[in-house]
Structures are given as C-alpha cells and as structure tokens.
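The values are calculated or read from the model by the stated rules, or taken from the named source; none is laboratory data. What you see is a predicted model, and the numbers here were worked out from it, not measured in a lab. Cβ sites come from the backbone with ideal geometry, for glycine too, and all protein chains shown count toward neighbours.
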Amino acid sequence: MSALIRSSRSSSGIAEALALLKAGNSRLVSIFGSIDDDGALSAQYLLDVDKREYRLFTGHIYGALPSVTGIVPGAAWYERELHDLFRVEIEGHPNLQPLVFHDGWPEGVHPRPGCSNAPLSHEYRFLKVEGEGVCEVPVGPVHAGIIEPGHFRFSVVGDTVLHLELHHFYTHKGVEALMEGRQVPDGVMLAESVSGDNSFAHAVAYCQAVENAFGISVPPRGRALRLIGLELERMLAHIGDFGALCGDVAFSVPSAYTARLKEGLLRASAGVTGTRFWRGLCRPGGMYRDLPAEGLHSLAECVAETARDFAELARKCLDTPSVQNRFETTGILKREEARALCVVGPVARASGLKTDVRRDHPYGHYRTVTVDVPTHITGDVMARARIRVEETAISALLIAQAVRETPSGAVSVPVPWQASAEGFSAVESPRGELLYFLRVREGRIRRCHIKSPSFQNWPALPHAMPDNIIADFPLINKSFNLSYSGCDR
C-alpha cells in the first residue's frame, strides 16, 4: 500500500502544500474537498514529494483559496471542480467557468453541500479565436460510434488547427457521492464501474485504500494474483490501443489481428478465472477466491505466446513507411508541457517523464519485483505507440515471473471494516496513476475521492493539436486513449 504522511488539520496544511508546490520539488497529484465530521469544509492537497512519498495536506476553508494554476497548470481542472462541487472560491484562477456543470445548470447551486431549486441559467463560453480565415469546427458531444459523449471545439485555418478546447462531463455519474453511506465491501462494485476497461485496477486501488486504512496486509499469494490481473489488464489495453492506432491510418489487417490477440487473452482469462475482465475477484483483504496453479500456468503460456506475436506484428507495423509518415511528428506533447500539466502514464513516458507508481511507490507484489520503465523523448504518436509495445513485453515478463514465484497459502484475510479509519492508495493503471482516498466512519464510507488518470491527462490533449491538420485528430486522440467514463466519474 502506498505510503502516506498527513499534515495537521488546519489552514497551515494548505499553506504548506502551496509552499512545496512553489518550491518546485513536488508533483501535484490531486486537489479535492470534503465535509469533515464536524460539518466544516476542508480542502485536501495530495503531493508526490521528490518521488519519495505521497503527502496529504488538509486545511479548513475559511474563505477564498489562492489558485495554484499559475504555478502548476495541472491544477486548473481540480480547482474548477472544487469550485463547482463545493462552492469554493478560487482566487486568481485564469478560467473559473464551470467544468462539471453544463448549460442549464442552476446558477449558484453546488451539489455537495446541498442543492436547492433555482432558475436555470449559465452558458458555457468557448474561447473565440479571431483572425482572417479562422473557422470553428465542433465535434461531438454525440459521436458516430459507441464511445461516450465529449465535445471538441476546433479553431482552424484551412485544415490546420490553431486551438482546441474540450468540454466533457456529459455523463458525470457522481460515483464519489454514490459511495457515501455505503458499507465498505459494497464499494468494490462501484469502483469497478468507474472505467470498464480498467475495472481491475480500480478494484485494487479501492481495496488497497481500505487495507491501508485498517492496517491490513494481504497474504503474499493474494498480492501475486493481483499483480497478474493488473498486468494482464495492461496488456489488453495496450494491444487494443495499438490496433486502434493502426485502424486510424487505414492499416486494417494489423488492426484486426490485434483484436484476435486481445480476444485470445480474454478467453484464456475467462477459462482460469471465470471472468474476462477479472471483475468480482478483488476484495478488501485480498482476493475472493484462489486460482488453480494449472490454470495460472496455462494463462502464462497464452500471455507469452501473445506477447511474441504482438511484438512481431508491432515491429512490422512501425517499420512500414506509410505508418511512420502518419505517426512521426504528429501530435507532439513537449516534455515541458507534460511536466507542467502533471501528465501521467504512457503519455507522460512518451514525452520523457520517467514516472510510474509501480517503481516510484511500489505496492503489493511490486515491492518484490523490478519494473522497467521505458521512456521516449519525441512525445508524438509514434512515441506513444512504442511505449505501449514495450510495456506489453514488460507486462508479459512480470506475469511469467509472478506465476513461477507465486507462493502457496491464503489469498485473503478478514478486514475489521466496521470501525472508523482513513486510507489512501495509488496504483499504476494502464492509463497511469490512479488513486483512491477513503474516509470510513463506523463501517460506512463518509468520503471517497477518485483521482483518474484520464481526468489528469485530458487537459494535455489540446496542447498536442496546434499545427496539426484536423484529420489527424482521431489519431492523436487515440494515441492518448483517455476514458470519458473515467474522467466523468
């Protein structure tokens, strides 16, 4: 479980967090609000200090909070969300118009402290780019496919993009609010539903937060099984993402082949666990049930074969001139921009940021293994594709090692969840750093905060679009592969 140091509950906690951010030796992880047991409103600043430890700084809110967006642009969405949901004034924010709210949301109504009826008002204002030949091209929020809604507003001259603005949260589910009042074991199902293609990562992050809160250590075999599930989920995501990139440049044969490889892994998973996506297997304290050694070895063989086939396919694809022409220098996210926006996951590593929770803040079975963290410096579609290919090979090796070295014994221990406690956990999901913060009172969830890697990375996408043609947007968007559902949590 991830280490966590808490500051005192006072206004000095916020001041200390702001001082660390200004000093430049800490990475912003999340900002969120909560209602304390005494009914007071507090703000929490979660920082990664020198890649050594996570620190949570808590302070009561007595007035307007000073914005840190000018120092850390990655704070912009967190501060806007805090303003929307908790009615917190953010002093000095460059663009404090609603983030979660949409046209027609009542003016001055904020759901977390309590809602009341009010006249409908508010219109979202997109940035207006002016100049000779500038046109606006709206895309979405309804798309020609089965993806969830999201609005993209392009300002273009001819085919060249000058500016892109996002407007999401059309399907905001209020999962954090739905968690409140539920008994601790019941939260796993909701966590699995936040982002369907990363359901196991969400389940593990939630369960580790519970375990951290109550000081529970999962048995070694349970930890090893979790690593196998997490790395299998990563392989599924990366293989699928690579195939989608091929499909976007009309390379349909490898796109279909990756679908076959992914289906083979899903069927192998179902044969061993009874579920294609490892849903319903993780629980606070470990795993609901053990997996047979014979089945695990069969799964490892399938993983190894799939990894070999995918590596050969990816090599041929990325050596193809037509693919290189579309991938290279397209959608560049510069290292400085990625750092300023606190980008995480494969997108960050493709821009030269060597960050990975498995290595920087090891948890569970990752404490016993060495995790290689590949990086590239070009920050383009090609770099993001190569990161996924290399990470797939690393995941296959980790699964093989875990299967070989999985100890015998129990896979879970009981958790005394009827008590009161607070806990935190971060895991490296396929999209990057995913974390859960929980406050439990007498066995029921009082506050749950979910930091989604998609919420963190969506603001970086517009920075990769200028000077590209609008026809390359689907390709660039796929190379980020962010979750609408995970963002609109």
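A few points about this structure:
- Every pair of residues 6+ apart whose Cβ atoms lie under 6 Å, when the first sits in the range 413-437 and is in the same structural domain as ARG283 (by TED's automatic domain parsing) and farther than 26 Å from ASP36 by Cβ while the second is at pLDDT 95 or above and among the basic types (Lys, Arg): GLU428/ARG358; PRO430/ARG234
- Answer residue from the range 142-174, given it is assigned to a loop (DSSP other than H, G, I, E, B), touching a strand residue (DSSP E or B) at 6+ places or on another chain (Cβ under 9 Å) and among the small types (Gly, Ala, Ser) and is surrounded by the most Cβ atoms within 10 Å (Cβ to Cβ) among those: GLY150
- Looking only at the range 332-375, residues that are in contact (Cβ under 8 Å) with a residue 24 or more places away in the chain, under 30 Å from ASP472 (Cα atoms) and not in a helix (DSSP H, G or I) come to 14 in all.
- Residue within the range 124-137 that is outside any strand (DSSP E or B), under 30 Å from ILE35 (Cα atoms) and at pLDDT below 80 present: yes
- When the range 59-89 is limited to residues that are touching a Lys or Arg at 6+ places or on another chain (Cβ under 8 Å), more than 21 Å from ASP488 (Cα to Cα) and surrounded by fewer than 21 Cβ atoms within 10 Å (Cβ to Cβ), the one that is modelled with the lowest pLDDT turns out to be HIS60.
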